[in-house]
Amino acid sequence: MTSTISISGMGCCSSAGKDLQQSWQNLGHNNYPKPTTPPFKTIHNSPVFAIHPDWLPPDLSQFPRKPTTPLNPTTLFCLSAIFDALNMAGLQVKKLHQKRVAIIIGTTVRCHFHNNEYYRKWKQGIEQSQEPMACFLNDNLATIIQQILGTTGPTSVITNACAYGTDAIGVARNLLLADQCDLAICGGADELSPLAYHGFSSLLLCAEAPCTPFGENRAGLNLGEGAGIVVLEKNASLKKRGETAIGWLRGYGSASDGYHPTAPHPKAKGLIRAVETAITDGGISKDAIHFINGHGTGTRANDQVETIGLHALHLDHCPLISTKGATGHTLGGAGGIEAVFTLQALRKRFSPGTIGTSQIDPKLALSPLAESQVSHLGGAIGMSQSLAFGGGNSALILEAST
């Protein structure tokens, strides 16, 4: 089935910029931030990409309902990106209750990694307030967003390792095709977390310097935080309210290789199946793809396997980049942020090179763009892909309106 789903708006926030406009300007001019010391105590030396504190919180008065519980940074990132996406879509927040709105968000941190101090005191037998536990039990990110927006419709939180944001967009697309909603707000969001940071550090996956995705001397990833959101609608709905699409979600594919808890399959079997499924779903040929925003974490295994898969798919002709050198790996936010960057590149017919990487590894199966190699894109169709722990692989085929 070929998708007929329009993208009417998108928004994002990360260390690269407080919104899409600032982020894209910084990416295009190589004016990206450098990672800094983590905002929590740690014995490890890997820097992180943190969002500037002056960018939060967003103006919550723009939303119909006040939150009933304190909002953690992940929720605030998500709300910021949602508001920008709705503005681009020409949708008034206070009128969303008139439609069936799906809220599908990918995340790993939410509030569930916030309660380190509570847990520490509990282990010591110290009596304390139960408010953190109440927040833990009641904090479903998609449901909280729905409550603040005052909408009705299906909600879901996707937790498929580092492919969550990509899968959230694919799931939302399927809900629209099944007529389970009139429009969908979807993507991913996450904040920096000591638990996630120490988990990746324990796996020896974090670099002690700024990450260099696809780089010859790459030494690992840097974690980051942020959110990326797209608004999906049926074409008929968009036309009815007199708006035009900024692009289309043409295809979606997801596949697991089930090879290892954290390592990708050395022959990229899951990635190959996911991309082939997305291309078939989109009803396009491989030659129609003119740009790929890769997962590109900067780890030795991910970057090697990713290029092996794309080479096996005969996609060597496509400019391939990673934007994680400007955002870090934002976990649940990555698929959403990178889908937004992919569509923006297609709209502008321009892609920056791989941020932070001056020398591409010559041993890769194909050659991504280095930072200095900007590319003027020859078409409007591209792909954003995610590779996840547990062998999860997902891909989106996106097309920009002309």
### Task
Do me a favour and compute the ellipsoid semi-axes for the chain from its Cα gyration tensor, root of five times each eigenvalue, largest one first, whole Å.
29, 27, 19
### the chain, relative contact order in percent, only Cα pairs under 8 angstrom and at least six apart counted
23
### Task
Put one equal scatterer on each alpha carbon of region 28-116, apply the Debye formula with no solvent term, and list log10 I(q)/I(0) at q = 0.13, 0.17, 0.22, 0.24 1/Å to two decimals.
-0.63, -0.97, -1.33, -1.45
### Message
Given a 10 angstrom Cα cut-off, can you work out which residue in GLY150, GLY391, GLY298 is the most mobile in a GNM of the chain?
### Response
GLY150
### Task
For every other residue with a beta carbon closer than 14 angstrom to the beta carbon of SER358, add +1 if it is Lys or Arg and -1 if Asp or Glu, then tell me the sum.
-2
### Message
So, R0 is 35 Å and r is the distance between the beta-carbons of GLN180 and THR68; what FRET efficiency does that work out to, to 0.05?
### Response
0.85
### Task
Rounded to the nearest 500, what is the 222 nm mean residue ellipticity of the chain from helices alone, with -39500 (n - 2.57) per DSSP H run of 4+ residues and division by all residues?
-9500 deg cm²/dmol
### Query
How many angstrom lie between the C-alpha centres of region 222-298 and region 23-96?
23
#### Entry: Within a Gaussian network of the chain (alpha carbon springs, distance under 10 Å), most fluctuating of GLN62, GLN304, GLN128
GLN128
### Task
Scale the Cα Rg of region 298-343 by the rule-of-thumb value 2.2 N^0.38 Å and send over the ratio, two decimals.
1.24
### Task
Scan around ARG100 for amide H atoms under 5 Å from its own, H built in the peptide plane at 1.01 Å from N, and keep only partners 5 or more places away or cross-chain.
ASP182, LEU183
### Query
If you build a Gaussian network model of the chain, linking Cα atoms that sit under 10 Å apart, which residue out of TYR118, TYR252, TYR32 swings the most?
TYR118
### Task
Rounded to the nearest 0.05, what FRET efficiency do GLN130 and SER61 give with R0 = 45 Å and r taken as the Cβ-Cβ distance? Could you check?
0.95
## Note on the structure
Counted neighbours (other Cβ, 10 Å), sorted fewest up, put ASP316, ASP139 in the order ASP316, ASP139
### Message
Give me SER254, SER61, SER372, SER322 sorted ascending by neighbouring Cβ count inside 10 Å, so fewest comes first.
### Response
SER61, SER372, SER254, SER322
### Pairwise FRET efficiency - THR159 versus THR244, Cβ, R0 = 41 Å, nearest 0.05
0.75
### Over region 262-402, equivalent-ellipsoid semi-axes from the Cα gyration tensor in Å
20, 18, 15
### Query
In debye, nearest 20: dipole of the chain around its Cα centre with unit charges on the Cβ of K, R (+) and D, E (-)?
560
### Task
Report the label-to-label distance for TRP122 and THR402 in nanometres (one decimal), using points 7 Å from each Cα along the Cα→Cβ vector.
5.8
### Query
Where both partners of a DSSP beta bridge lie in region 5-400, what percent of those bridges are antiparallel, to the nearest 5?
70
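Where a number appears in this text, it was derived from the coordinates with a stated rule and is not lab data. These numbers come from a predicted model, not from an experiment. Using ideal geometry, Cβ is built from the backbone for each residue, glycine included, and neighbour counts are taken over all protein chains shown.
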